[in-house]
1. Pick from 89, 60: which is of a type outside the set (Gly, Ala, Ser) and either over 26 Å from residue 3 (Cβ atoms) or touching a residue at least 60 places away in the same chain (Cβ under 8 Å) (or both)?
2. Those residues that are of a type in the set (D, E, K, R), within 15 Å of the ligand (Cβ to nearest atom) and surrounded by 13 or more Cβ atoms within 10 Å (Cβ to Cβ), I need them from segment 17-42; list them, please.
3. Can you run down the residue pairs with Cβ atoms below 7 Å, 6 or more apart or on separate chains, where the first is in segment 18-46 and among the hydrophobic types (A, V, I, L, M, F, W, C) and the partner is modelled with pLDDT under 95 and more than 15 Å from the ligand (Cβ to nearest atom)?
4. Counting just the residues of segment 43-59 that are crowded, with 16+ Cβ neighbours inside 10 Å and within 15 Å of the ligand (Cβ to nearest atom), which one comes out nearest to residue 114 (Cα to Cα)?
5. Quick check, is residue 107 over 10 Å from the mean Cα position of the chain (by Cα), away from the ligand (no atom under 16 Å from the Cβ) and assigned to a loop (DSSP other than H, G, I, E, B)?
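The values are calculated or read from the model by the stated rules, or taken from the named source; none is laboratory data. Just so you know, these numbers come straight off a predicted model, no measurement behind them. FYI the Cβ positions are ideal-geometry reconstructions off the backbone, even for glycines, and counts take in every protein chain you see.
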Amino acid sequence: MDNLVVPCPQCLGKNRVSAARIAHNPSCGRCKSALFPAHPAPLSDANFQSYVESSDLPVVVDFWAAWCGPCRSMAPQFEAASKAAAGRVLFAKLDTDAAPQTAGRYAIRSTPTLIAFRGGREVARQSGAMTQRQILDWLSRLGAGVHAA
Ligand SMILES: [Zn+2]
């Protein structure tokens, strides 16, 4: 596959990105936002489904809550993992209080919970705070193109 579809976290534009360009911080053809932003893309009930379904790359989502201590301590680890895996895996976040519909659909009972999606379908989930290394190892173990490290 030469071109991958990578959704824009801002405008949901579907960008066709070549393998050569994917390593060079590509931006959205429509709104110029970074497709692999420095901070994991915040998703909402309105854009969640479309974002995870339209990506050819695996998407890992941190289901978090503002009042959750372990979520706050994992946030910089998740962000560091997103930089290490840029171009291979899309990283996004969902505030479970601000997006109760999506949190309900995936039956999120504790935070933080990480869910990995491929083609819009859940392929794995992991609850509890993880370090950058643990996140990358977990993604690598999922195999099938989820080579994060
Ligand atoms: Zn865009």
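1. 60
2. Within segment 17-42, 30 is the sole residue that qualifies.
3. As it stands, the answer is 19/2; 22/4; 22/87; 23/87; 36/86; 36/87, since those pairs meet every condition given.
4. Of everything passing the filter in segment 43-59, 43 is nearest to residue 114 (Cα to Cα).
5. yes
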